[in-house]
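The values are calculated or read from the model by the stated rules, or taken from the named source; none is laboratory data. Bear in mind that the values here come from a model prediction, so they are computed numbers and not experimental data. Glycine also receives a Cβ, built like all others from the backbone with ideal geometry; neighbour counts cover every protein chain displayed.
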Amino acid sequence: MTTESGLNAPMPQSPGENASQEDAEHLKRLRQLVEDAIADGKLSNTEMNDIRAALFADGKLTLEEMEVVRDTMKAHLGEKPLEFDPE
């Protein structure tokens, strides 16, 4: 690809395999973040904000991200309610 200045610019990458690997790594980090946040059965305001920041880091929220949060919480809490600790 040539820019207006005539310099060769790198071709944009297609989503493909690199994006899938990046997505998988992001979901793994998100799962760990949620596990750490709810380990004590409580969710603080800071922990909630950290999870929110991770969810919207790329400016969008995906179904896969929501499933990771839901499934992780259910796996660790079962039917027990999560307490909110406003700090």
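For the stretch 4-44, filtering for residues that are aliphatic (A, V, I, L, M) and modelled with pLDDT of 90 or more leaves 9.
Considering only residues that are touching a strand residue (DSSP E or B) at 6+ places or on another chain (Cβ under 7 Å) and either more than 30 Å from S20 (Cα to Cα) or not in a helix (DSSP H, G or I) (or both), which ones fall in the stretch 32-87?
Step one: list which residues in the stretch 32-87 are touching a strand residue (DSSP E or B) at 6+ places or on another chain (Cβ under 7 Å), which gives 37, 41-44, 82-85, 87.
Within the stretch 32-87, G41, K42, L43, S44, L82, E83, F84, D85, E87 meet the criteria.
Within the stretch 74-87, residues that are at positive phi and at pLDDT below 90 sit with their Cβ atoms under 6 Å from residues that are surrounded by 11 or more Cβ atoms within 10 Å (Cβ to Cβ) and small (G, A, S), at 6+ positions apart or across chains, in these pairs: E87/S44.
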